[in-house]
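Participant: Dropping the structure in here first, questions after.
A short reminder: the numbers here are calculations on the coordinates, not readings from a lab. Note that the structure is predicted; figures quoted are calculated from it, not measured. Backbone-built Cβ (ideal geometry, glycine too); neighbour counts: all protein chains shown.
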Amino acid sequence: MRKECPICKKSVEEDVSKICQDAEDWIIKAIRRSHPDWVEKNGTCSKCVDYYKKQGPSGCK
Ligand SMILES: [Zn+2]
C-alpha cells in the first residue's frame, strides 16, 4: 500500500511511520525545525531522513 510522505508529499511504498522510528533523534528534531506542523507519528520517507542526515546534527543550512 502506498503512503504519502508528509514532508515531501511524494507517495512512497515504505512504511513511513516505521522509518521515523528508526531515525535518530537529532534527525527528527531537524525535520521538525523545518516543518513545525509535522508530527513524528505521521512519519517520513527514507529519502527525507537521508536528506536531513546529510545536513548534519548542527543543521548547517
Ligand atoms: Zn519524504
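Participant: Being part of a helix (DSSP H, G or I), in contact with a strand residue (DSSP E or B) (Cβ under 9 Å, 6 or more places away or on another chain) and either over 18 Å from residue 1 (Cα atoms) or touching a residue at least 24 places away in the same chain (Cβ under 8 Å) (or both), is that true of even one residue in segment 35-54?
Facilitator: yes
Participant: Considering segment 1-22 alone, what residues qualify as being more than 12 Å from the ligand (Cβ to nearest atom) and either among the β-branched types (Val, Ile, Thr) or within 8 Å of the chain's Cα centre (by Cα) (or both)?
Facilitator: Hits for segment 1-22: nothing passes.
Quick grid of which residues meet (1) in contact with a helix residue (DSSP H, G or I) (Cβ under 9 Å, 6 or more places away or on another chain); (2) loosely packed, with under 15 Cβ neighbours inside 10 Å; (3) among the β-branched types (Val, Ile, Thr):
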| position | (1), (2), (3) |
| --- | --- |
| 7 | yes, no, yes |
| 10 | yes, yes, no |
| 18 | no, yes, no |
| 24 | yes, yes, no |
| 42 | yes, no, no |
| 57 | yes, yes, no |
